[in-house]
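The values are calculated or read from the model by the stated rules, or taken from the named source; none is laboratory data. Remember, predicted model here, so these are calculated numbers, not experimental data. No Cβ is skipped: glycine too gets one built from the backbone with ideal geometry, and neighbour counts run over all protein chains shown. SASA here: full protein model, heavy atoms, side chains in, ligands and nucleic acids out. Shrake-Rupley method; radii C 1.70, N 1.55, O 1.52, S 1.80 Å.
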Amino acid sequence: WTCGLALRKRGRLDHNADDGKGRSKKFNKRMDEEISSDSENESADPNRKQQENEDDEIEETPQEKKLRLAKLYLEQLREEEDKRAEQESFEADLIAGRLQEDVLEQKGKLQRLIANKLIAPDPAEVRLLRGHKLSVTCLVITPDEKYIFSASKDCSIIKWEVEGGKKVHKIAGGRKGTEARHVGHTAHILCMAISSDGKYLASGDMNKLIMIWDPVTCKHLYKLKGHRDAVSGLAFRRGTHTLYSASHDRSIKVWSVDENAYVETLFGHQDMITGLDCLSRERCVTAGGRDRTVRVWKVAEESQLVFHGHEGSIDCIQLINEEHMVTGGDDGSISVWTVNKKKPVSTVKQAHGSHGNTGLEQPYWVSSVAALHNSDIVASGSHNSAVQLWKCGQGFRGLEPLFSVPMIGFVNSLKFSNSGKFLVAGVGQEHRLGRWWRIKEARNGLYIIPLKRQAQEQEVVL
């Protein structure tokens, strides 16, 4: 029994050993199959990953979609902010440039170089507006450039429409001796001015009177009395309703038109004053006729600067900017001045030529000048059958002729529009201040001269 038990134990052990060996083979076989399967999976893995990625892209979750849209929205916001910042920078540059231009304009150091861009107009493009019976003596252009007011030796004022050339309104002149009952002038009108906001129109005549009108309705508002001789020059200070007036009584008066009040009188000229102009500073410039002086009146300081340069009577004056001005006289010369020098910085003698017999030639009188503010363009008029345009050199040194526009008669007044798109000339058969000559073939009226440019203007800051 004992031997049998021992044999059975041994047989069970052997059986377990065989069984364990058999299990080991099966296990190894199964492991080989799994390794083989894994290697096959690894070989096909890249394609599967690509397919899975494509499936992920196509089948994005709601959370992923929200994230993607949020990123797109943020990108759009960033682009809009960049554009806005660029626009604001551009606008800031514009504002800075405008402010710099305003400062330079106040200092009298702004000069726009546009003379080289001007094209001489075709004579057929020049329009003539007729309505005055006698010589036109003065004119003004409204700030919006839609209307022109002209005055004449026939004592009348006419309001014209620029675009159509139509006569909008006429303030008729009265006869001498009817001053008490006539609303308007009864003597030759020598000068006019309009405020920079277009609210008031002022006119001065040989009867020592200044009349204030409403430019819109052409209704008479009131009279300003005080001068003891003919009123020869008027100008509103820009941006205000302060009026400066000059007279043959050799004085300048300051008025507050809003209050219909006299302010003060300035004395200094030794002969009758023939012209006056001012811009935005509290000062004005005057031409002193046969005392041969140009004066700058500093009203606030109650002082004046005196300039000499012409050889004859100075008959007209116009400011180019706050620091420079141009004058013309019966010596036939045109001069450009700066307030920093007592003599002209440039002069053109016999600017319009001369006339008369050989050996007895006399220069054509310069009867009017005009300047396009803060630019290098100046115009002058005489009775040599042409209006001459000039180019100021850089720094306002030197005058060069640009072109002339044929025009028969005495050019008694010249005015540029604020934009420089046109020039208006007031022409008559006689000189503004007298009757030394009479050109019968001349036609009393206004000539509108278009000024075309080749390209955009260029600015130079001095």
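General remarks:
- List 139, 77, ordered by accessible area with a 1.4 Å probe, largest first: 77, 139
- Cα-based convex hull, segment 115-450, per residue volume (Å³, whole number): 128 Å³
- Most to least accessible of 80, 441, 179 (protein chains only, probe 1.4 Å): 441, 80, 179
- Pairs from 415/440; 176/208; 153/440 whose Cα-Cα separation, in the structure shown, is over 18 Å: 415/440
- Between residue 394 and residue 78, the contour length at 0.36 nm per residue exceeds the alpha carbon distance by 109.1 nm.
- Applying 1/(1 + (r/R0)^6) with r as the Cβ-Cβ distance of residue 71 and residue 453 and R0 = 56 angstrom yields a FRET efficiency of 0.65.
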